[in-house]
1. Which ones in the range 21-48 are out of contact with any strand residue (DSSP E or B) (no Cβ under 7 Å at 6 or more places or on another chain) and surrounded by fewer than 17 Cβ atoms within 10 Å (Cβ to Cβ)?
2. Answer yes or no: is there a residue in the range 97-116 that is modelled with pLDDT under 95, aliphatic (A, V, I, L, M) and in a strand (DSSP E or B).
3. Is it the case that Val77 is free of Cβ contacts under 8 Å to residues at least 40 places away in the same chain, among the hydrophobic types (A, V, I, L, M, F, W, C) and surrounded by 13 or more Cβ atoms within 10 Å (Cβ to Cβ)?
4. If you go through the range 36-74, how many residues are part of a strand (DSSP E or B) and either over 16 Å from His112 (Cβ atoms) or free of Cβ contacts under 8 Å to residues at least 12 places away in the same chain (or both)?
5. Got a sec? Which of Glu62, Glu51, Glu72, Glu110 is surrounded by 15 or more Cβ atoms within 10 Å (Cβ to Cβ), of a type in the set (D, E, K, R) and either out of contact with any Leu (no Cβ under 8 Å at 6 or more places or on another chain) or more than 17 Å from Phe4 (Cβ to Cβ) (or both)?
Amino acid sequence: MENFDQIVMEFNSLIKSYNFLEALHKFYHLDVISADNTNPSIVGLNNLVKETEHFIEHAQIEFIALRSITVEKNLTVSNWHYKFTHKTFGLIDTNQISVQRWRDGKIFQEHHFYIS
């Protein structure tokens, strides 16, 4: 089995290359809980896939960069820079802090913080 650092690197590589659905299916627990800012949590992989598909359909991604990351035992904290144009919200150019808790190589809880 890969070590945790390798798993996290592979996950981040998929995000940087806009392969969000592949990342979800490969690295997210079926019972994941995901939240953005103070919005209600999304519970379950199927619901998160639906939300991600909706995002992909409505956003034209221009740029994603991983600015920094901290990797500890079963915890990652990442600073991302996203730039995309959303059909409803227009141009979004923001930094996002993502805190993710992992279990057995899968994300089971995450929270994203950004200025919208």
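1. First, the residues of the range 21-48 that are out of contact with any strand residue (DSSP E or B) (no Cβ under 7 Å at 6 or more places or on another chain): 21-26, 30, 38-40, 46-47.
Residues satisfying the conditions are Leu21, Glu22, His25, Lys26, Leu30, Thr38, Asn39, Pro40, Asn46, Asn47.
2. No, that holds for no residue.
3. So Val77 passes the test.
4. Of all residues in the range 36-74, those part of a strand (DSSP E or B) come to 36, 42-43, 59-72.
Of the ones still in play, those that are also either over 16 Å from His112 (Cβ atoms) or free of Cβ contacts under 8 Å to residues at least 12 places away in the same chain (or both) are 42, 60, 62-63, 68, 70-72.
Of the residues in the range 36-74, 8 are part of a strand (DSSP E or B) and either over 16 Å from His112 (Cβ atoms) or free of Cβ contacts under 8 Å to residues at least 12 places away in the same chain (or both).
5. Glu110
The values are calculated or read from the model by the stated rules, or taken from the named source; none is laboratory data. For clarity, every value in this text was computed on a predicted model and none was experimentally measured. Because the Cβ atoms are built from the backbone with ideal geometry, glycine has one as well, and the counts that use them run over all protein chains shown.
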